[in-house]
1. For segment A:25-44, what are the residues that are more than 9 Å from chain B (Cβ to nearest Cβ) and within 30 Å of residue B:10 (Cβ to Cβ)?
2. Can you tell me how many residues in segment A:38-77 are in a strand (DSSP E or B) and more than 21 Å from residue A:98 (Cα to Cα)?
3. Filter segment B:75-89 for residues that are part of a strand (DSSP E or B) and more than 8 Å from every other protein chain (Cβ to nearest Cβ); which is nearest to residue B:48 (Cα to Cα)?
4. How many residues, within segment A:1-37, are open to solvent by less than 30 Å² (accessible area, probe 1.4 Å), closer than 16 Å to residue A:72 by Cα and at pLDDT 95 or above?
5. Tell me, please, whether a residue that is of a type in the set (A, V, I, L, M, F, W, C) and farther than 25 Å from residue A:97 by Cα can be found in segment B:13-20.
6. Is at least one residue of segment B:47-59 closer than 16 Å to residue A:106 by Cα and part of a loop (DSSP other than H, G, I, E, B)?
7. So which of B:92, B:15, B:53 is acidic (Asp, Glu), more than 13 Å from chain A (Cβ to nearest Cβ) and either open to solvent by 10 Å² or more (accessible area, probe 1.4 Å) or over 11 Å from the mean Cα position of the chain (by Cα) (or both)?
Amino acid sequence: GAVVSQHPSWVICKSGTSVKIECRSLDFQATTMFWYRQFPKQSLMLMATSNEGSKATYEQGVEKDKFLINHASLTLSTLTVTSAHPEDSSFYICSASGGGVGTDTQYFGPGTRLTVL
Amino acid sequence: SQQGEEDPQALSIQEGENATMNCSYKTSINNLQWYRQNSGRGLVHLILIRSNEREKHSGRLRVTLDTSKKSSSLLITASRAADTASYFCASEGFQKLVFGTGTRLLVSP
């Protein structure tokens, strides 16, 4: 149990376009979802926390208008990178917690590799 | 930055040897967790130790926690080539995880 999926697993786009990444909890209801980014050979940095039905809470230094997060249901959160630029190229990972799996543990998706040309 | 630090940054050992990684964090925590990440992949949760625990075991993994020093260690015993991965500690406080810088472990056959 406690499976989190992400789609797409990788995406290549042109500079200036917007990209949407989906994060789904497949077998539990995720009251809270988290979005991280990871640059090559670096650690994960939390971008934002989203609770179902409410606005996301962004970490300091993360542009809200650039990284749009929607947590419309207990099983789906989306991250939209608007007007993407090469510096947005990164590995984006979501995680989910809540429901019967326990609130201490976050279950991570497999990640989405974004390359902006 | 609140990011934790891990050492060593990289560790290369032979199969059968033990691997020890250390983690330091900066704030008060509810628990500390260890994750593994294979190259370019998602994270796999390994073990969680709560702030009132000092040591925890799970299979070949042994984790210690010293809240007075804000540090933790992960020991992998009898390592295998399949243990080759990056290992991250993550301190949990206020329902947020703060990851350490990671240790890249290479286990050679």
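The values are calculated or read from the model by the stated rules, or taken from the named source; none is laboratory data. Model, not experiment: these values are computed from the prediction. Every residue, glycine among them, receives a Cβ derived from its backbone with ideal geometry; neighbour counts consider all protein chains shown. Just the protein is used for accessible areas: all its heavy atoms, side chains included, with ligands, DNA and RNA removed. Shrake-Rupley method; radii C 1.70, N 1.55, O 1.52, S 1.80 Å.
1. Residues of segment A:25-44 that are more than 9 Å from chain B (Cβ to nearest Cβ), as a first pass: A:25-31, A:33, A:35, A:37, A:39-40.
Correct list: A:35, A:37, A:39, A:40.
2. Initially, segment A:38-77 is screened for residues in a strand (DSSP E or B), giving A:38, A:44-51, A:57-58, A:67-73, A:76-77.
So of that shortlist, the ones also more than 21 Å from residue A:98 (Cα to Cα) come out as A:38, A:67-68.
Count: 3.
3. Start the filter on segment B:75-89 by keeping residues that are part of a strand (DSSP E or B), which leaves B:75-76, B:85-89.
From what is left, the residues that are more than 8 Å from every other protein chain (Cβ to nearest Cβ) are B:75-76, B:85-87, B:89.
Numbers: B:75: 14, B:76: 15, B:85: 18, B:86: 17, B:87: 14, B:89: 10 Å.
Top of the filtered list is B:89.
4. 4
5. The first filter runs over segment B:13-20 and keeps only residues of a type in the set (A, V, I, L, M, F, W, C), leaving B:13, B:19.
Imposing the further condition that a residue be farther than 25 Å from residue A:97 by Cα reduces the set to B:13, B:19.
Within segment B:13-20 (the criterion being of a type in the set (A, V, I, L, M, F, W, C) and farther than 25 Å from residue A:97 by Cα), the answer is yes, since at least one residue qualifies.
6. Going through segment B:47-59, the residues closer than 16 Å to residue A:106 by Cα turn out to be B:47-50.
Remaining after also requiring part of a loop (DSSP other than H, G, I, E, B): none.
No, segment B:47-59 has no match at all.
7. B:15
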